[in-house]
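Worksheet for the structure shown next.
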Amino acid sequence: VEPTEAAPTRPLIRRSSSRGAAIGTATHRVLELVDLKNPGVEEVRSLARLACAEQQIPELQANIEGRVWSALSSDALHSVLETDVRALSEVYLVVQDGERFLEGYIDLLVDGGPGSLAILDYKTDTVSSDAEIEAKKVRYAPQLTAYARAVEQITGRTPSSMDLVFARPGGRPTPLTDEEPST
């Protein structure tokens with residue numbers, strides 16, 4: 001038997017709608033793996049490079065890095081990580097809700113001990129004003145509420161806070177990072 005030639009591979013063609021999904025997936029992947037309390041510039045850069053390669057958007061590495069730095073510098077993230085807490089990224093859950101099942105991933109579940117359980121959800125939506133952020137918070141409120149009900153059903157604990165973290169392009173490393181960005 002003679003070997004046959006492998007079928008030629010076609011390049012992946014991304015529709016514009018899937019490009020947005022790729023940006024979201026790459027951003028979430030970096031935020032899942034990065035050291036949230038002490039992120040380094042090289043760490044973010046390397047993770048962004050890998051996530052962009054995985055999503056086949058290497059030309060958007062700087063965009064993803066900026067989004068990650070934007071999320072890492074958010075007040076919501078800093079407030080839940082300011083003490084000694086247990087932070088769990090990409091927490092998968094499935095719960096029964098009446099006749100249906102709810103399934104999803106909580107981007108960040110932070111357990112600060114009794115009475116302190118926070119849910120954070122990263123968003124890569126385009127927002128450019130406080131009014132747009134508030135509108136998005138209203139839009140995503142049912143999702144956060146469903147997560148809170150699911151967490152309570154699973155753990156018996158009611159989350160003390162829920163918040164959205166907008167990962168917007170253009171974020172920069174903060175002075176607290178261990179390295180300065182290279183130019």
Fill in: Pair list, Cβ < 6 Å and 6+ apart or interchain, from the stretch 139-150 residues that are more than 16 Å from Asp111 (Cα to Cα) to residues that are among the hydroxyl-bearing types (Ser, Thr, Tyr)
none
Worksheet item: Pick from Val95, Val68, Val151: which is over 24 Å from Ser18 (Cβ atoms), part of a helix (DSSP H, G or I), open to solvent by less than 20 Å² (accessible area, probe 1.4 Å) and not hydroxyl-bearing (Ser, Thr, Tyr)?
Response: Val151
Worksheet item: Within the stretch 112-123, can one find any residue that is hydroxyl-bearing (Ser, Thr, Tyr), open to solvent by 60 Å² or more (accessible area, probe 1.4 Å) and out of contact with any strand residue (DSSP E or B) (no Cβ under 7 Å at 6 or more places or on another chain)?
Response: no
Worksheet item: Just for the stretch 71-92: of the residues that are farther than 22 Å from Cys52 by Cβ and assigned to a strand (DSSP E or B), which one is farthest from the chain's Cα centre (by Cα)?
Response: Arg86
Worksheet item: Do you know which residues across the stretch 37-60 are closer than 23 Å to Leu88 by Cα, touching a residue at least 40 places away in the same chain (Cβ under 8 Å) and open to solvent by 30 Å² or more (accessible area, probe 1.4 Å)?
Response: Lys37, Asn38, Glu42
Response to the item:
Those residues of the stretch 71-84 that are farther than 20 Å from Gly24 by Cβ and either buried (at least 17 other Cβ atoms within 10 Å of the Cβ) or touching a helix residue (DSSP H, G or I) at 6+ places or on another chain (Cβ under 8 Å) (or both) come to a total of 2
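The values are calculated or read from the model by the stated rules, or taken from the named source; none is laboratory data. This structure is a prediction, so every number in the text was calculated from the model and none was measured. Counting neighbours? That spans all protein chains shown, and the Cβs are built from the backbone with ideal geometry, glycine included. Just so you know, the surface numbers come from the protein's heavy atoms only, side chains and all, with ligands and any DNA or RNA stripped out. Shrake-Rupley method; radii C 1.70, N 1.55, O 1.52, S 1.80 Å.
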